[in-house]
């Protein structure tokens, strides 16, 4: 592993405050993810890649923007690992390094419809107003 890849993983761990070594790969986080079918990497795969020091593979993946930040994955984890915090840390690192924000707060209201749950709106503002 190169020093750059190691630095990316260390930064993700610092930002997230998570210890992916606690993950036992049970898949409960992925099973509870409402955005599962829209993601290239699923919550348990995010944790696994960070654990293996391959966080750099996630920086360019659009899956980090499909996470709703609903914390369903964190609620289901029997070991207390919070994949959502790792995903948010990777997203934040991508924003810092590449300015890759996919949506502005002003654009959120244009994407709403009457069927959309309020949780999506709260998650969008949490994600895009930092």
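For the range 1-29, which residues satisfy the criterion of being outside any loop (DSSP other than H, G, I, E, B), under 17 Å from the mean Cα position of the chain (by Cα) and surrounded by 14 or more Cβ atoms within 10 Å (Cβ to Cβ)?
The answer is 8, 9, 11, 12, 13, 15, 16, 20, 28, 29.
Report yes if some residue within the range 52-73 is without any contact (Cβ under 8 Å) to a residue 24 or more places away in the chain, farther than 18 Å from residue 8 by Cα and out of contact with any helix residue (DSSP H, G or I) (no Cβ under 9 Å at 6 or more places or on another chain); otherwise report no.
no
For the range 74-91, which positions are surrounded by fewer than 20 Cβ atoms within 10 Å (Cβ to Cβ) and farther than 15 Å from residue 33 by Cβ?
Answer for the range 74-91, where residues must be surrounded by fewer than 20 Cβ atoms within 10 Å (Cβ to Cβ) and farther than 15 Å from residue 33 by Cβ: 78, 79, 80.
If residue 92 satisfies all but one of (1) under 15 Å from the mean Cα position of the chain (by Cα); (2) closer than 18 Å to residue 123 by Cβ; (3) at pLDDT 90 or above, what's the number of the condition it fails?
Looking at each condition in turn, residue 92 falls short on (3).
Return the total of residues in the range 46-88 being at negative phi and under 11 Å from the mean Cα position of the chain (by Cα).
21
Determine, yes or no, whether residue 41 is farther than 16 Å from residue 77 by Cα, part of a loop (DSSP other than H, G, I, E, B) and either free of Cβ contacts under 8 Å to residues at least 40 places away in the same chain or touching a helix residue (DSSP H, G or I) at 6+ places or on another chain (Cβ under 8 Å) (or both).
So residue 41 passes the test.
The values are calculated or read from the model by the stated rules, or taken from the named source; none is laboratory data. If you're wondering where the values come from, they're calculated on a predicted model, not measured in any experiment. Cβ: placed from backbone, ideal geometry, glycine included. Neighbour counts: every protein chain shown.
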